[in-house]
Amino acid sequence: MALFGRIFGGGGKGGKGPSPQEAIQKLRETEEMLTKKQEFLEKKIDQELIIAKKNGTKNKRAALQALKRKKRYEKQLAQIDGTLSTIEFQREALENANTNTEVLKNMGFAAKAMKSAHENIVDDLMQDITEQQELEFDEDELLAELDELEQEELDKNLLEIGGTENVPLPNVPSTSLPSRPGENLRKRSHEVSCLHLHAPFYANDQYRSP
């Protein structure tokens, strides 16, 4: 843990942690440094092996010292291999987490866009409904106004008809109206009949008179 603290420059408890991008960059730099160290140790191991072989029969002490150094380098190399594996795992995990974060961020952005689109659709729908209600309300007002106009016209016509009752009628003539032709004919027939009935009496009276 102390090694990673030195690598990443960990501060006190109150220090602010690095961002994922900063941590990934630090891990890559550490990988590069350890890889160079690894190459250096591999070269040293090869050199010590050559020295041990060269002095194996001539100078056993030098050969043993070379083999000891070779073992020490191999141990360091094994530690570096383990550290590199851990760093590689952490870097990949951070990269995946960073990718997932970006994916989630973009998905959240898309979700907000969809929500906004749905809100716009709802707003448009509500506006259409409101406009339709306003049109219906205006039509009702127009129909009511038309009814009022028709009622006014009807009242006006009724007043005109009622006004004719106040027009003075012509005076009744003071002279008697001439009888109808049928009545005159019946009257004359009655007079003729009466003359026929009284005619004998008139004749007798004539004979009786001197």
Distance in nm between Thr130 and Glu29 label points, each 7 Å along Cα→Cβ, equals 5.8 nm
Trypsin sites (Lys or Arg not before Pro) in region 45-114 lying in a DSSP loop, each with at most 15 other Cβ atoms within 10 Å of its Cβ, come to Lys58
Length gained, Leu84-Gln47, 0.36 nm per residue minus C-alpha separation, equals 11.0 nm
Note: Arg61 to Leu104 extended length (0.36 nm per residue) minus current alpha-carbon separation gives 9.1 nm
Length gained, Lys115-Glu152, 0.36 nm per residue minus C-alpha separation, equals 7.8 nm
Output ordering of 116-127, 77-88 (per-residue mean of other Cβ within 10 Å, highest first) is 77-88, 116-127
With x for Gly and Pro, the residue-by-residue ³J(HN,Hα) of region 40-46, computed from phi through the Karplus equation 6.51 cos²θ - 1.76 cosθ + 1.60 at θ = phi - 60° and given in whole Hz, is 4, 5, 4, 5, 4, 4, 5
Computed ³J(HN,Hα) along region 19-31: with the Karplus parameters 6.51/-1.76/1.60, θ = phi - 60°, integer Hz and x for glycine or proline, the list is 6, x, 5, 5, 5, 4, 5, 4, 5, 5, 5, 5, 4
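Since every read-out is calculated from the coordinates, none of them should be taken as a lab result. Predicted model, so just to flag it, every value in this text is computed and none were measured. Quick reminder, even Gly has a Cβ in these numbers, built from the backbone with ideal geometry, and neighbours come from all protein chains shown.
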